[in-house]
Amino acid sequence: MWKGRFSQQTADLVQQFGESISYDWRLYKHDVRGSIAHARAQLNAGLLTADEFAQIEAGLRSIEADIDAGNMEWSIALEDVHMNIESELTKRIGAAGGKLHTARSRNDQVATDTRLYCREMIDVTIDLIRDLQRVLVTKAEQYAESVVPGYTHLQRGQPVTIGHHLLAYVEMLDRDADRLTDARKRVNISPLGSGALAGSTINLDRHAIAAELEFDRPTTNSMDAIADRDYIAEILFALALVGTHLSRFSEDLILWTSAEFGFATLSDAHTTGSSLMPQKKNPDVAEITRGKTGRLYGNLVALLTAVKGLPLTYNRDLQEDKEPLFDSIDTISLTLRVNTEMIAAMEINEERTLAAASDPMLLATDLADYLVKQGVPFRSAHELVGTAVALSVETNTPLDKLSDEQLQNISESYGPDAREVFDLKRALAARTNPGAPSPQNVRSECQRWSDKLS
Ligand code: ARG
């Protein structure tokens, strides 16, 4: 494509080193679409005859169909998807093919293709996030009343419901979907017409091209348009954070499915055995999810690092943007799908979660709240309950089994009704503040989410 100035062939190793066709072939549909929009603008500018345009369009469509069918031979000598398709076009239609690249560079072409790809993948990923949210909401409804300890520092804190715990992840995933939707606004602008870096002396209607490609508008600075990879960085960050959330959920599941917790059971179809220990049933999906989060971070850091030292505008380093992007998209897609399926089949062992939540220590805070309602300042109430907790530990008496006398020795404010706070059902039902875990709240939150996600 650039032979005019060169008297030597590109060395084999340079071809091997520099090719991107082995992975950027997946932009072929976007490349064809971008090229047709570009050719139409040439037609409207009088640079192509109607016949030449028709040949280019039909040629590109036939190439696309062949690629769809697996009948395209990619060549690393042609470096990337753009040159492979253009050279194939000229092979098929002759001279008209040579006109397609007028007023275009691979620099604005690759930016256009990548933006089209990102836009499509954002939509696909958001749909997958929504699927996982829906499954979580269904589980949350099913376990709206199942009590479980809520933890801080992985020490039992206060009782919550499984429904409330699961809905926490629905919130995180919702922010993830929002972040992708927001990033989409900055993805969805058209660099085509920015040329190699300085536009072109041949004026094509950039607004018409943008409209045909369903971009919101053309980019407004040719140098920025060529050099910008922010939109990829944003996506990689958003996906890394999806990974973070799924990894935290995985960690919960790994704990919940251990014999020590026994809170949840995963289906046989979503667990694996051991080649040595016959009894094992391992939560591999959760572990691999946790593990894959590392590569999502790695992809973000690889992209940021590739871009950070680059003078304006295009530098070949930018070709290194694609593998991290494709890898994160593929990784998060499979991760979301397998987790959705696994969680749909997950069962909660309610006797185990109830037994764990029945530790009266979980309601020590409620006992302090009781004292507050008797007029004791919270700091003093905290101390008075702390003393009762110490007595319970010392005398090996469960906190709810301390006698009226023992309690009243600590403070007169402990009335005979103090022990009512240890009624778990009552304690949960009392947590009705907006955002609190009462079964009633969980149910109305599930309703809100189902409405939003339907
Ligand atoms: N394969 C290249 C990339 O992905 C396309 C742009 C090449 N441009 C150039 N001036 N060599 O970045």
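The values are calculated or read from the model by the stated rules, or taken from the named source; none is laboratory data. Source: prediction; values computed, not measured. Backbone-built Cβ (ideal geometry, glycine too); neighbour counts: all protein chains shown.
On the given criteria, is W2 within 16 Å of the ligand (Cβ to nearest atom) and more than 24 Å from G193 (Cβ to Cβ)? Step through it out loud before you land on a result.
Details: within 16 Å of the ligand (Cβ to nearest atom): yes; more than 24 Å from G193 (Cβ to Cβ): no.
In short, no.
Is there a residue in the range 253-275 that is farther than 28 Å from A140 by Cβ and modelled with pLDDT of 95 or more? Even if it seems obvious, please write down each step before you answer.
Initial filter on the range 253-275 (farther than 28 Å from A140 by Cβ): 273-275.
Now narrow it down to the ones that are modelled with pLDDT of 95 or more: none.
Within the range 253-275, none of the residues are farther than 28 Å from A140 by Cβ and modelled with pLDDT of 95 or more.
Restrict the check to the range 381-389 and report whether at least one residue is free of Cβ contacts under 8 Å to residues at least 12 places away in the same chain and either more than 45 Å from the chain's Cα centre (by Cα) or within 30 Å of A144 (Cα to Cα) (or both).
No, there is no match, as no residue in the range 381-389 is free of Cβ contacts under 8 Å to residues at least 12 places away in the same chain and either more than 45 Å from the chain's Cα centre (by Cα) or within 30 Å of A144 (Cα to Cα) (or both).
crowded, with 20+ Cβ neighbours inside 10 Å, touching an Asp or Glu at 6+ places or on another chain (Cβ under 6 Å) and in a helix (DSSP H, G or I): does that describe I226? Before you say what the answer is, go through the steps one by one.
Numbers: crowded, with 20+ Cβ neighbours inside 10 Å: yes; touching an Asp or Glu at 6+ places or on another chain (Cβ under 6 Å): no; in a helix (DSSP H, G or I): yes.
The answer is no for I226.
Restricting to the range 89-106, give me the number of residues that are more than 16 Å from the ligand (Cβ to nearest atom) and at negative phi.
Taking the range 89-106 and keeping what is more than 16 Å from the ligand (Cβ to nearest atom), we get 89-99, 102.
When the remaining residues are screened for being at negative phi, the result is 89-93, 95-99, 102.
Qualifying residue count for the region: 11.
Would you mind stating whether D108 is in contact with an Asp or Glu (Cβ under 8 Å, 6 or more places away or on another chain), of a type in the set (D, E) and either crowded, with 20+ Cβ neighbours inside 10 Å or within 29 Å of R229 (Cα to Cα) (or both)? Steps first, please.
Details: in contact with an Asp or Glu (Cβ under 8 Å, 6 or more places away or on another chain): no; of a type in the set (D, E): yes; either crowded, with 20+ Cβ neighbours inside 10 Å or within 29 Å of R229 (Cα to Cα) (or both): yes.
Here the answer is no, as D108 does not meet what is asked.
Only one of these is closer than 30 Å to L334 by Cα and within 16 Å of the ligand (Cβ to nearest atom): E79, E73, E120. Name it.
Details: E73 fails: within 16 Å of the ligand (Cβ to nearest atom); E120 fails: within 16 Å of the ligand (Cβ to nearest atom).
Exactly one residue qualifies, and that residue is E79.
If you take the residues of the range 314-326 that are more than 10 Å from the ligand (Cβ to nearest atom) and buried (at least 18 other Cβ atoms within 10 Å of the Cβ), which of them is nearest to E120 (Cα to Cα)?
Step by step, filter the range 314-326, then rank; the result is L325.
Please go through (1) within 16 Å of the ligand (Cβ to nearest atom); (2) assigned to a loop (DSSP other than H, G, I, E, B); (3) among the small types (G, A, S) for A302 and return the number of the only condition it doesn't satisfy.
The number of the failed condition is (2).
What number of residues within the range 423-437 satisfy the criterion of being touching a Leu at 6+ places or on another chain (Cβ under 8 Å) and free of Cβ contacts under 8 Å to residues at least 40 places away in the same chain? Walk me through how you get there before you give the answer.
Of all residues in the range 423-437, those touching a Leu at 6+ places or on another chain (Cβ under 8 Å) come to 424, 427, 437.
From the residues that got through so far, the ones that are free of Cβ contacts under 8 Å to residues at least 40 places away in the same chain too are none.
Counting residues in the range 423-437 that are touching a Leu at 6+ places or on another chain (Cβ under 8 Å) and free of Cβ contacts under 8 Å to residues at least 40 places away in the same chain gives 0.
State the number of residues belonging to the range 374-408 that are in a helix (DSSP H, G or I) and within 19 Å of D423 (Cα to Cα).
So the count comes out to 9.
Quick one: would you say R337 is under 30 Å from D224 (Cα atoms) and surrounded by fewer than 19 Cβ atoms within 10 Å (Cβ to Cβ)? Explain how you work it out, then say what you get.
Numbers: under 30 Å from D224 (Cα atoms): no; surrounded by fewer than 19 Cβ atoms within 10 Å (Cβ to Cβ): yes.
Considered against the rule, which asks whether it is under 30 Å from D224 (Cα atoms) and surrounded by fewer than 19 Cβ atoms within 10 Å (Cβ to Cβ), R337 comes out as no.
Between a first residue in the range 88-112 that is over 17 Å from G59 (Cα atoms) and a second residue that is surrounded by 19 or more Cβ atoms within 10 Å (Cβ to Cβ) and aromatic (F, W, Y), which pairs have beta carbons less than 6 Å apart while being 6 or more apart in sequence or on different chains?
N107/Y314
Of the residues that make up the range 129-149, is at least one within 16 Å of the ligand (Cβ to nearest atom), surrounded by fewer than 19 Cβ atoms within 10 Å (Cβ to Cβ) and not small (G, A, S)?
Of the range 129-149, the ones within 16 Å of the ligand (Cβ to nearest atom) are none.
Scanning the range 129-149 turns up no residue that is within 16 Å of the ligand (Cβ to nearest atom), surrounded by fewer than 19 Cβ atoms within 10 Å (Cβ to Cβ) and not small (G, A, S).
Among the listed residues G309, G294, which satisfies the condition of being small (G, A, S) and either within 16 Å of the ligand (Cβ to nearest atom) or in contact with an Asp or Glu (Cβ under 9 Å, 6 or more places away or on another chain) (or both)? Give the derivation first.
Details: G294 fails: either within 16 Å of the ligand (Cβ to nearest atom) or in contact with an Asp or Glu (Cβ under 9 Å, 6 or more places away or on another chain) (or both).
Answer to the check: G309.
Could you say whether any residue in the range 415-425 is in contact with a strand residue (DSSP E or B) (Cβ under 9 Å, 6 or more places away or on another chain) and not in a helix (DSSP H, G or I)?
Keep residues of the range 415-425 that are in contact with a strand residue (DSSP E or B) (Cβ under 9 Å, 6 or more places away or on another chain), which gives 424-425.
Narrowing the set further to residues that are not in a helix (DSSP H, G or I) leaves none.
Taking every residue of the range 415-425 in turn, none turns out to be in contact with a strand residue (DSSP E or B) (Cβ under 9 Å, 6 or more places away or on another chain) and not in a helix (DSSP H, G or I).
Looking at G46, G59, which is the one that is surrounded by fewer than 20 Cβ atoms within 10 Å (Cβ to Cβ) and either within 14 Å of the ligand (Cβ to nearest atom) or farther than 30 Å from A177 by Cβ (or both)? Step through it out loud before you land on a result.
Working: G59 fails: surrounded by fewer than 20 Cβ atoms within 10 Å (Cβ to Cβ).
Residue meeting the stated conditions: G46.
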